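The next block holds one structure in the form of structure tokens; read it before the comments.
Each value in this text was obtained by applying a stated rule to the coordinates, not by laboratory testing. Small disclaimer: the values here were computed from a predicted structure and weren't measured. All Cβ positions, glycine included, derive from the backbone under ideal geometry; neighbour counts span all protein chains shown.
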């Protein structure tokens, strides 16, 4: 029987052509060597967490599962944030760590961590693999990453060790967002009848779609088109219906921006809405709710009237067929969805002074986003993937960015981690070879992953990084009160990211006005570059108020 590394490498190669990581010697190098021997590409990153984000984004965008391989101890510990991002954002990932061999643990303390205990709360499964682990068990374990809900699988690689004592699913686990969603049995016919009855009684049903619906893809879109009702999308599902099309009513975050839209509905239908997606403020609507999902709800966040547990595509087909038999038709005014999203975007702008055509006008986050949407050439925009970091700037990007397909606008939502946009952009660029990628990052998030600028330069990827540079943790600054530590808690020195980018092998440019940004974005989308946008953060407070209340 061949060794563990070749067996695992072949299984990974059957599912993806790329492996990511930061090797540290020993068995993880064995796996890298075995993977490259199969013809897989190995992408060397600077940081383990960033490598994990690259891998999970690559898997999501390419409809596969990619692996990240790191060393034990510090390598494993550094990977945890990227693994948590995959699990809470529902991205598929296989994380492989080598470990102090079981036969040596009585005498070796160096780099000895209970890695399975460390990864278990942030993964779907954390288990040990050894030379004795059969190939079919390895394959089944890897494939758990792409069973809904998507997430991370952790493999503790103990070359030569004893077989694992049993899968952790058989042990009691804390109830967390990583572990609570489980596949459930399909609903009986009675709840479907109840859902149909509620829809027949409604005249203005509103749909909220989440990440599970986005994962299902075109069949859900076809069902939504048949239904013909306004659709709110979560950050994870944005683009499932085109944001500038006839169905898209705006973004759903459980904030205040979409509340007038929710208040106009007499029934809410959620399709694949994962409660890890909304912000954890109280549910505000009082109308009946029909929930459709393949998994049981993690909590009682949404007060569900009828809960349909089964495959969303199949349940929607059944419901639509029964509605068609009754000649049911909602009575939303023509163009209602477009009006809702337009009004929501207008509320974001109501307290800001855009003045884009005025020389010397304020260059704030909304001006940056609106300038970008108008300045990117059409042939670039049609192919573009956009990644967005956590930070105040996403309040300007997410409701306004036009996107016509799922997984073309990506943000860490379930974990909401800073340091996402740049490694995610690298993963997306590799998954869509030759296609342009735009990464929106704040200065704080970029600083966390700045070493990966060299990675995108080394790989010659067509990524444009735009930094909202105001030398502060601006979202935290908006939330900060007088007793919260003052400027020392939220303020940095101004960093010249353009010079750092140039030193890393990219083209670096500083822009200080909408006009300069427009001129820069109108060209040069074929290679790696960074645009250091020196913005005025004044509008972040009004953006947060309009979005969240």
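Shape class for the stretch 280-323: oblate, because the ratio a/c of the largest to smallest gyration tensor axis (alpha-carbon atoms, square roots of eigenvalues) is 1.5 or more and b/c is at least a/b.
Placing dummy labels 7 Å off each Cα toward the beta-carbon, the span from residue 378 to residue 447 is 4.2 nm. Note on residue 256 and residue 201: the extension gain reaches 17.1 nm, defined as 0.36 nm multiplied by sequence separation minus the Cα-Cα distance. Cα centroid separation, the stretch 255-318 to the stretch 387-432: 23 Å. Under 14 Å from a label point set 7 Å out along the Cα-to-Cβ vector of residue 305, the amide N atoms of the stretch 265-281 belong to 265-270. Give, as ranges by residue number, the residues of the stretch 444-472 whose backbone N falls under 13 Å from the point 7 Å along Cα→Cβ of residue 526. Correct set: 462.
Once R0 is set to 45 Å, what does the formula 1/(1 + (r/R0)^6) return for the Cβ-Cβ distance between residue 14 and residue 541, expressed as a FRET efficiency to the nearest 0.05? Numbers along the way, then the final one.
On the way: r = 51 Å, r/R0 = 1.13.
The calculated FRET efficiency here is 0.30.
Per-residue ellipticity at 222 nm, computed for the chain from helices alone with -39500 (n - 2.57) per DSSP H run of at least four residues, works out to -10500 deg cm²/dmol.
Take every DSSP beta bridge with both residues inside the chain and express the antiparallel ones as a percent of the total, to the nearest 5.
Details: 2 of 70 bridges.
So the antiparallel bridges amount to about 5 percent of the total.
Sorting 393, 248, 46 from the fewest to the most surrounding beta carbons within 10 angstrom yields 46, 248, 393.
With both labels modelled 7 Å from their Cα along Cα-to-Cβ, the residue 113 to residue 325 distance reads 5.7 nm.
For the ranges 313-324, 364-375, what's the packing order if you count other beta-carbon atoms within 10 Å of each residue, average per peptide, and put the highest first?
Details: 313-324: 17.2, 364-375: 21.3.
Going by the mean number of other Cβ atoms within 10 Å, highest first, we get 364-375, 313-324.
Placing a label point 7 Å from the Cα of residue 494 along the Cα-to-Cβ line, the residues of the stretch 439-473 whose backbone N sits under 18 Å from it are 442-444, 447, 467-473.
What's the whole-number percent of alpha carbon pairs in the stretch 189-340 lying beyond 21 angstrom? Within the stretch 189-340, distances greater than 21 Å cover 36 percent of Cα pairs. Legend: Rg and Dmax of the chain, from Cα coordinates, 23.8, 74 Å. Ranked by the mean number of other Cβ atoms within 10 Å of their residues, highest first, the peptides 275-286, 514-525, 227-238, 70-81 come out as 227-238, 70-81, 514-525, 275-286.
Counting other beta carbons within 10 Å of each Cβ, put 54, 448 in order, fewest first. Walk me through the numbers before you get to the answer.
Details: 54 32, 448 21.
The most exposed by this proxy come first: 448, 54.
Estimated at 0.36 nm per residue, the fully extended path between residue 263 and residue 342 surpasses their Cα-Cα distance by 26.8 nm.
Most exposed first by the Cβ proxy, i.e. fewest other Cβ within 10 Å, how do 64, 288 rank? Can you show the working numbers first?
Values: 64 18, 288 21.
If I rank by nearby Cβ atoms, fewest first, I get 64, 288.
Does the stretch 4-170 come out rounded, prolate or oblate by the C-alpha gyration tensor, with a ≥ b ≥ c the root eigenvalues, rounded set by a/c under 1.5 and, if not, prolate when a/b is larger than b/c and oblate if not? Each step should come with its number before you reach the end.
Numbers: a/c = 1.30, a/b = 1.25, b/c = 1.04.
Taking the square roots of the gyration eigenvalues as a ≥ b ≥ c, the stretch 4-170 is rounded.
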